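A short write-up of the structure that comes next.
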There are 2 protein chains.
Amino acid sequence: MDLASKIRNVPDFPVKGILFYDITTLLKDGEAFKASVDQLAERYAGQQIDLVVGVESRGFIFGTALAYKLGAGFVPVRKPGKLPAETISESYELEYGTNTLEIHTDAIQKGQKVLVVDDLLATGGTAKATCNLVERLGGEVVSVAFFIELTFLHGRDQLQGYDVFSVLKYDK
Amino acid sequence: MDLASKIRNVPDFPVKGILFYDITTLLKDGEAFKASVDQLAERYAGQQIDLVVGVESRGFIFGTALAYKLGAGFVPVRKPGKLPAETISESYELEYGTNTLEIHTDAIQKGQKVLVVDDLLATGGTAKATCNLVERLGGEVVSVAFFIELTFLHGRDQLQGYDVFSVLKYDK
């Protein structure tokens with residue numbers, strides 16, 4: 001299935017000059033959504049994945065479906081104040097300001113094999129912060145998976161040393 | 001599987017006097033998460049479900065896994081300003097202030113059978129607003145499904161006329 005044809009290109013969102021790749025047109029197509037999750041899952045067939053870690057909130061979309069398909073647990077990484085029990089946090093720089101992410105301290109057991117999932121690889125800051133959280137808890141990042149990769153933003157540079165996979169790549 | 005035993009009770013979250021039912025301890029257990037999604041899916045076996053609509057952001061967790069399992073499309077309902085294309089919105093009252101939800105106007109075709117999913121049924125405001133959005137686009141709400149229902153908040157009163165299903169019920 002041509003998954004790229006299901007993505008809607010929205011110019012000037014969220015700000016003027018940015019071309020936004022909108023996955024909602026793919027998600028609402030049951031066959032396309034299933035094929036997308038299966039394509040992610042196929043990449044990890046035969047590998048041990050104990051946990052899928054997904055970042056609020058679009059990372060929950062592919063992350064939970066993928067966890068279900070792989071038979072893995074799902075761990076949410078959330079914005080500050082959303083997780084009810086004890087957390088650790090990581091902050092990273094954005095173009096303007098900083099962003100902070102949290103994970104429950106008991107979310108991962110030492111040595112568990114973790115797949116980090118988000119919908120989009122842009123500059124890589126979110127994914128790198130998430131990998132840091134996983135490793136601080138003793139988890140092993142098996143791979144970092146994205147549905148869409150914006151290759152022109154060179155997010156992989158932030159993720160050197162990690163196995164990185166993306167289903168769709170855009171070079172502009 | 002005793003799914004209730006996988007839920008963590010967190011007192012005084014998000015504010016003093018509230019007992020919070022934390023699903024993250026269930027989600028991180030791959031078998032428990034799978035059993036939870038399967039239990040939701042089983043309820044709808046043999047029924048036509050074209051789309052699962054899930055509310056940002058915890059509604060994405062069970063919503064997308066369930067859409068995957070049912071072979072349905074997934075439609076996110078989001079906070080204002082997050083969806084990139086044309087939207088309609090619904091506002092509803094909270095204890096303090098109001099909340100607004102948006103859906104893409106092209107998310108649902110007239111006559112499509114829709115399952116609305118959220119993790120928690122509390123007072124029912126979010127679910128009711130979501131049903132309104134679905135119906136304004138011409139969708140038919142087949143059922144409204146929750147993982148947890150706080151029966152003492154009487155959220156079903158807001159959802160009269162709808163089929164409502166929840167996996168776990170708490171009466172305090």
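List of remarks:
- Residue mean of other protein chain beta carbons inside 10 Å, B:70-79: 5
- Pairs of lysines in the stretch A:80-172 (C-alpha under 21 Å apart; 8 or more residues apart or interchain): 4
- Secondary-structure-derived ellipticity at 222 nm for chain B, considering helices only, amounts to -7500 deg cm²/dmol, per-run term -39500 (n - 2.57) for DSSP H runs with n ≥ 4.
- Residue exposure proxy: B:I103, B:I7, ordered by other Cβ atoms within 10 angstrom of their Cβ from fewest to most, comes out as B:I7, B:I103.
- The stretch A:23-67 versus the stretch B:1-64: alpha-carbon centroid distance in Å: 17
- For chain B, the relative contact order comes to 17 percent (Cα pairs under 8 Å, sequence separation of at least 6).
- A:F20 long-range amide H proximity, modeled H, under 5 Å: A:V10, A:D12, A:F13
- Which of B:L101, B:V52, B:P84, positive extreme of dipole for the stretch B:47-170 (C-beta unit charges): B:V52
- For the stretch B:66-138, the set of GluC sites (Glu not before Pro) satisfying both a DSSP loop assignment and a count of at most 12 other C-beta atoms within 10 Å is given as B:E86, B:E95.
- Amide H within-cut-off set for A:V52, under 5 Å, with H built and near neighbours excluded: A:G73, A:F74, A:V75, A:L115
- Local electrostatic count, A:T123, Cβ distance below 13 Å [Lys/Arg +1, Asp/Glu -1]: -3
- Magnitude of the charge dipole, the protein assembly as shown, Cβ model with Lys/Arg +1 and Asp/Glu -1, debye to 20: 60
No lab work stands behind these numbers, since they all come straight from the coordinates. Remember, it's a predicted structure, so these values are computed and weren't measured experimentally. Quick reminder, even Gly has a Cβ in these numbers, built from the backbone with ideal geometry, and neighbours come from all protein chains shown.
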